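The values are calculated or read from the model by the stated rules, or taken from the named source; none is laboratory data. Not measured: the values here are computed from a predicted model. For neighbour counting, all protein chains shown are included, and Cβ atoms are generated from backbone atoms with ideal geometry for every residue, glycine included. For accessibility, only protein heavy atoms count, side chains too; no ligands or nucleic acids. Shrake-Rupley method; radii C 1.70, N 1.55, O 1.52, S 1.80 Å.
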Amino acid sequence: MDVLVLGGGYAGLLVTRKLERRLPESATLTLVDDTGTHLVQHELHRAIRKPDYVDDIDVPLGEILDRASIREARVTDVDRATHTVSLADGDELDYDYCVVALGAETAFYDIPGLEEHATPLKRLEHAATIRREFEAVIDQFGHEDPTTAAETAGTVVVGGAGLSGVQVAGELATMARERGVADDIEIVLLEQLDTVAPGFPERFQDATHERLVAQGVDVRPGTTVTAADEAQISTEGGSIEYDQFVWTGGIRGNEAMGGDRPAVRGDLRLDARTFALGDAVRIVDADGEPVPASASAAVRASETVARNLVAAATADGGFVDVAQWRWESPGWLISIGDDAVAQVGPTVLTGAPANALKSAVGITYLAEHGSFRRALDVLRKEADDTGVSPSYSNSSEAALADRSLKKWGRRRRRSRPYSSSSSRISSSLPTSSSVDSVDSKERSPSSPPSTSTPSACSSVSWFWFSCSDSSYDPNPIVGGTWWSAKTLWTCRSREGGSRGVPGPHGPTGITAGRTRDGYEQPRRAGPDGDPRIAG
Ligand SMILES: Cc1cc2nc3c(=O)[nH]c(=O)nc-3n(C[C@H](O)[C@H](O)[C@H](O)COP(=O)(O)OP(=O)(O)OC[C@H]3O[C@@H](n4cnc5c(N)ncnc54)[C@H](O)[C@@H]3O)c2cc1C
């Protein structure tokens with residue numbers, strides 16, 4: 001039996017890792033990816049300001065996978081009628097089962113001049129280009145001595161204020177400030193809809209807008225780009241002269257899928273032999289709700305795809321009990337330069353606690369799916385940048401933390417070995433009741449709105465739990481809660497919270513209260529009809 005997974009992003013990697021453990025030994029498992037690496041895309045904007053992050057967020061697939069063969073090639077077509085995948089090098093691969101996880105591409109909506117003059121952000125080379133272009137703007141307009149500042153400032157425009165646009169604008173504004181040229185360069189963030197982070201809860205949008213403005217970004221919602229040339233961006237409200245233009249205004253389907261993002265339902269199947277998840281498709285879940293294109297959704301959908309594929313493969317043409325996937329939002333977390341905004345259940349965090357969460361979630365992901373060396377590298381860099389990582393009282397405590405993290409990883413690997421014995425395989429297959437119990441755990445609401453630290457800590461552990469792909473393994477919860485609690489406590493002390501002195505965002509930087517929509521995310525159609533919350 002030949003099983004192909006197309007794409008080594010969040011969706012493809014997570015499905016492949018599950019299939020490595022669960023497919024019968026006789027099955028051939030191949031992951032096809034055009035880069036041969038797993039890019040931790042939700043941290044891609046960081047590489048604009050900090051190019052040394054590239055090594056931490058771009059992980060060779062060979063370092064992560066044990067059993068699957070890796071084919072570094074570009075997929076040009078998926079023929080579902082003949083069960084054949086065509087590659088750019090001319091080869092064709094036949095499959096019995098295929099998982100389409102090719103992600104999405106940037107949508108330019110046929111806006112005249114847009115694709116020609118704006119730089120998108122989807123790949124590492126885009127981050128490098130944006131950095132290079134920004135350096136050129138700094139060289140042209142930056143003045144180290146503010147008294148000699150030029151009368152005309154440079155203008156950098158970011159089009160589209162979804163997850164990627166907001167984070168890019170934050171990085172550029174922070175980079176300008178770090179270089180001492182914030183007064184010489186204007187960062188303008190355009191959004192067609194009437195708010196930043198369209199589709200997110202209102203409190204999250206408000207906090208994001210506020211933090212962007214605090215970083216010096218000129219936020220202009222309700223601005224529709226209609227055309228661009230080498231000097232000007234035309235909008236419905238007039239034109240803007242620019243020196244650099246970054247476009248993060250939406251996504252479209254992968255070329256290999258004809259530029260389309262086909263719709264799939266909760267079973268995550270395009271047909272009986274072809275499964276699909278992640279940004280490559282528009283998912284409408286088991287409740288009929290559209291699922292946002294996000295790393296978070298791609299990770300969570302992987303369990304259902306792996307389960308359904310293994311069930312189909314082992315049914316041998318017989319009855320297949322197909323599981324339906326239901327999307328539950330675990331909350332949202334973005335960085336705005338060195339600041340961050342987190343929505344954890346009903347609570348919105350900014351400043352140091354949100355930064356601590358961002359670090360914790362990123363490091364957990366890398367430790368689970370990248371490598372411990374990378375996770376520790378990022379931990380150290382984040383500690384240097386934000387000053388909110390655990391403040392170990394001495395080097396032996398820091399070494400102990402390093403050892404605990406490594407030990408946890410070894411335990412995880414030991415507890416989930418790949419085995420060729422059929423009894424092990426069948427016992428590792430989740431039963432429908434185990435899937436249900438995971439679902440019910442993820443569905444349980446977090447603690448009620450409160451500003452108290454114990455409540456914040458329980459929200460943190462809930463968030464950690466939800467963001468980890470290890471809902472069946474309690475170890476990360478213990479480790480994560482310990483780390484997060486310690487970090488929160490450190491932040492609280494630094495901001496004077498423990499002495500009752502409010503920090504910049506209140507005693508702990510926590511804004512409590514139920515969002516307008518409670519735990520639900522309002523969904524609004526973007527220009528291509530998709531919920532437009534990922535750029
Ligand atoms: C700057 C930025 C910040 C973001 N921040 C967040 C965030 O904070 N939270 C969040 O949840 N989401 C965030 N997102 C969105 C998130 O990164 C995507 O939703 C997520 O990457 C989708 O995962 P995926 O596996 O479907 O696709 P991808 O991660 O895009 O993976 C697709 C894979 O397929 C490969 N591939 C593509 N085409 C081909 C081909 N033709 N042949 C072979 N291989 C191919 C690619 O190289 C890649 O490895 C952000 C996105 C960006 C750009």
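Tabulated data
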| item | result |
| --- | --- |
| Using a Förster distance of 30 Å, the FRET efficiency for Arg80-Ala227 (Cβ separation, nearest 0.05) | 0.20 |
| Paramagnetic reach from Arg179 in the stretch 187-216 [backbone N under 16 Å; point 7 Å along Cα→Cβ] | 187-188 |
| Extension gain (nm, one decimal) between Asp2 and Val213, 0.36 nm per residue minus Cα-Cα | 70.7 nm |
| Formal net charge of residues neighbouring Glu92 (Cβ-Cβ distance under 15 Å; K, R +1; D, E -1) | -4 |
| Centroid-to-centroid separation of the stretch 76-102 and the stretch 12-73 [C-alpha atoms, Å] | 19 Å |
| Accessible area per residue, Å², the stretch 114-249 with all protein chains present, probe 1.4 Å | 41 Å² |
| Potential lengthening between Ala263 and Asp89 on full extension [0.36 nm per residue; Cα-Cα distance subtracted] | 59.8 nm |
| Calculated FRET efficiency for the pair Gln140/Glu236, C-beta based, R₀ 35 Å, to 0.05 | 0.75 |
| Computed over the stretch 114-249: relative contact order in percent, which uses C-alpha pairs under 8 Å that are six or more apart | 32 percent |
| 20 Å cut-off, amide nitrogen to a point 7 angstrom out along Glu116 Cα→Cβ, residues in the stretch 217-254 | 225-236, 239-249 |
